[in-house]
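K.L.:
Quick one: structure below, then a few questions.
The values are calculated or read from the model by the stated rules, or taken from the named source; none is laboratory data. Small disclaimer: the values here were computed from a predicted structure and weren't measured. As a convention, Cβ positions derive from the backbone with ideal geometry for all residues, glycine included, and neighbour counts pool all protein chains shown. Surface accessibility is based on the protein's heavy atoms, side chains included, excluding ligands, DNA and RNA. Shrake-Rupley method; radii C 1.70, N 1.55, O 1.52, S 1.80 Å.
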There are 2 protein chains.
Amino acid sequence: MSLSTAEKIIRVAEAQVRSGGYNAFSFREISKEIGIKSASIHYHFPTKADLGLALANRYTDRFTVYLNQIACDSEDLSTRLHQYIELFRHAIQHDKKMCLCGMLASEADVLPFPVQQAVKVFFEANLQWLELFVFADEPDPHAQAMLVLSCLEGALLVSKAMNDATAFDLAVNQLMFSFRKS
Amino acid sequence: MSLSTAEKIIRVAEAQVRSGGYNAFSFREISKEIGIKSASIHYHFPTKADLGLALANRYTDRFTVYLNQIACDSEDLSTRLHQYIELFRHAIQHDKKMCLCGMLASEADVLPFPVQQAVKVFFEANLQWLELFVFADEPDPHAQAMLVLSCLEGALLVSKAMNDATAFDLAVNQLMFSFRKS
DNA sequence: GTTCCACTACCTATCGGTAGGTAGGTAAAT
DNA sequence: ATTTACCTACCTACCGATAGGTAGTGGAAC
């Protein structure tokens, strides 16, 4: 499969942002990696903010597709939650990286406003999905969703800090355990 | 009170890192803010990595002092946990910023190695304290500690994403609620 | 008189971004 | 069928700004 240049740019940029954040990715580094000149990237994405926005939007879009799949595939609320968790586990175990929007969220203060908004959309989409498709039948779905999302993003962060992906499982399994008892 | 220049540098640098991460703070910005030349900062901290390391170490030291105080002041495990949570709530509600080491953890891949290690020490210190002084009497203190730390760091991150400090309380209160039922 | 601390002046490397050009393809007008 | 015109997707060369970092100076304090 041969990817379009724009797609290559986005993939390399996403990897760089997920490793070091918005200020750690550069047109020059991307251009080196895919074998074009940095000026050529401006043809596809006029400014860095444009590329950052495209990154966040694409990430949310792909994530949303998975969320819809999960909701369609399984009726069982507990199964849905486990599959949801798998999405995050994949980030730390397969990519060994943070969630893109988790990474960007931590730097929200220094992000171009459109990127900030796009990151917020990702989190709103996640919360809404959890409320509707996992915690709808329980008391305070909003708080439950917030707890799960916080725990997952935080578990990724702690795993990065410890350089140990098993930290993610430890935290998340404990959360699941606390749900089982209630 | 008149602070030493080194102390001023550290304070301004910490604020900048907690807003935008390691790559978003610069000697020039710091120097402008405290009214000296950027070259003068190199006298106190020879390299950026040195300053970053000093930042992380001081943050951990100050945090550790609070942890010891909490352990001494209160015998009740639940009270200790609530006071521990207050440390994190202070970050998002008073400073409106991430935890310094939470911020750095997310960028671990692109950090100078000594800074990486210092960040890891912060997390290890937190986990150990939680295990010893909060969850010692419960089954699997390690997993419990990991859950609490993940949830707190994640709740800060989600609050930054949503630009809404109440998200932190929502997630954390829900976590406390799930503990009460067990 | 040495140590401390900040200065001036400068360096190299890199940043995001711009200007102008060009090879190759497409498509409509002549 | 050929010319004219425009488009895509890159290129080279360069801009001003900023990054971290260095060498050497000089005054004040001990």
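K.L.:
Under unit Cβ charges (Lys, Arg +1; Asp, Glu -1), what dipole magnitude, rounded to 20 debye, does segment B:55-180 have relative to its Cα centre? Please list the in-between numbers first.
P.N.:
Working: 9 positive and 16 negative charges, 88 e Å.
Charge dipole of segment B:55-180: 420 debye, to the nearest 20.
K.L.:
What residues in segment B:11-41 lose 10 Å² or more of accessible surface when the other protein chains are added to their chain alone (1.4 Å probe)?
P.N.:
The answer is B:19, B:20, B:23, B:24 - residues whose exposure falls by at least 10 Å² when every protein chain is included.
K.L.:
Residue by residue through B:173-180, how many Cβ atoms from other chains fall within 10 Å of the Cβ on average?
P.N.:
Averaged over the peptide's residues, the number is 5.
K.L.:
Could you give, in nm with one decimal, how far residue B:6 is from each other copy of that position, shortest first, with labels 7 Å out from Cα toward Cβ?
P.N.:
Label-point distances to the other copies, shortest first: 5.4 nm.
K.L.:
Shifting gears a bit: Picking from B:112, B:46, B:151, whose Cα lies most toward the positive end of the charge dipole for segment B:41-158 (charges on Cβ: Lys, Arg +1; Asp, Glu -1)?
P.N.:
The residue sitting most towards the positive pole is B:46.
K.L.:
Could you tell me the number of lysine pairs in chain B with C-alpha atoms less than 22 Å from each other, where the two lysines are 8 or more residues apart or belong to different chains?
P.N.:
13
K.L.:
While we're here: Keeping the other protein chains in place, figure out the carbon and sulfur percent of the accessible area of the protein assembly as shown, with a 1.4 Å probe.
P.N.:
Working: 8580 of 16190 Å².
Of the solvent-accessible surface of the protein assembly as shown, carbon and sulfur hold 53 percent.
K.L.:
Another question about this same structure. Return the sequence-ordered ³J(HN,Hα) values of segment B:59-67 in whole Hz as given by the Karplus equation 6.51 cos²θ - 1.76 cosθ + 1.60 applied to θ = phi - 60°, using x for Gly and Pro.
P.N.:
These are the phi-based 3J(HN,Hα) values: 4, 5, 4, 5, 4, 4, 4, 4, 4 Hz.
K.L.:
Same structure, new question: Give, rounded to the nearest 20 debye, the magnitude of the charge dipole that the protein assembly as shown has about its Cα centre when Lys and Arg contribute +1 at Cβ and Asp and Glu contribute -1 at Cβ. Don't skip to the answer; put the middle values down first.
P.N.:
On the way: 34 positive and 42 negative charges, 294 e Å.
Here the size comes out at about 1420 debye.
K.L.:
Which of rounded, prolate or oblate describes the protein assembly as shown when judged by the alpha-carbon gyration tensor and an a/c cut-off of 1.5?
P.N.:
Details: a/c = 1.97, a/b = 1.06, b/c = 1.86.
Because a/c hits 1.5 or more and a/b fails to exceed b/c, the protein assembly as shown counts as oblate.
K.L.:
What does the copy distance list look like for residue B:112, label position 7 Å along Cα→Cβ, in nm and ordered from shortest?
P.N.:
3.1
K.L.:
Using a/c under 1.5 as the rounded threshold, could you call segment B:55-180 rounded, prolate or oblate? The axes a ≥ b ≥ c are square roots of the C-alpha gyration tensor eigenvalues, and prolate needs a/b larger than b/c, oblate otherwise.
P.N.:
oblate
K.L.:
Give the nm distances, rounded to one decimal, from residue A:166 to the matching residue in every other copy, measuring between label points 7 Å along Cα toward the beta carbon; shortest first.
P.N.:
Label-point distances to the other copies, shortest first: 4.2 nm.
K.L.:
Interface B/A, total buried accessible area with a 1.4 Å probe, nearest 100 Å²? If you can, show how the numbers build up before the last one.
P.N.:
Values: alone 9970 and 10010 Å², together 16190 Å².
That pair of chains buries around 3800 Å² in total.
K.L.:
For the protein assembly as shown, with every protein chain kept in place, what is the accessible area per residue (1.4 Å probe, Å²)?
P.N.:
Working: 16190 Å² over 364 residues.
Accessible area per residue, the protein assembly as shown: 44 Å².
K.L.:
Additional query: Which chain A residue puts its Cβ closest to the axis that rotates A onto B, and at what distance in whole Å?
P.N.:
Residue with the nearest Cβ, plus whole-Å distance, for chain A: A:154, 1.
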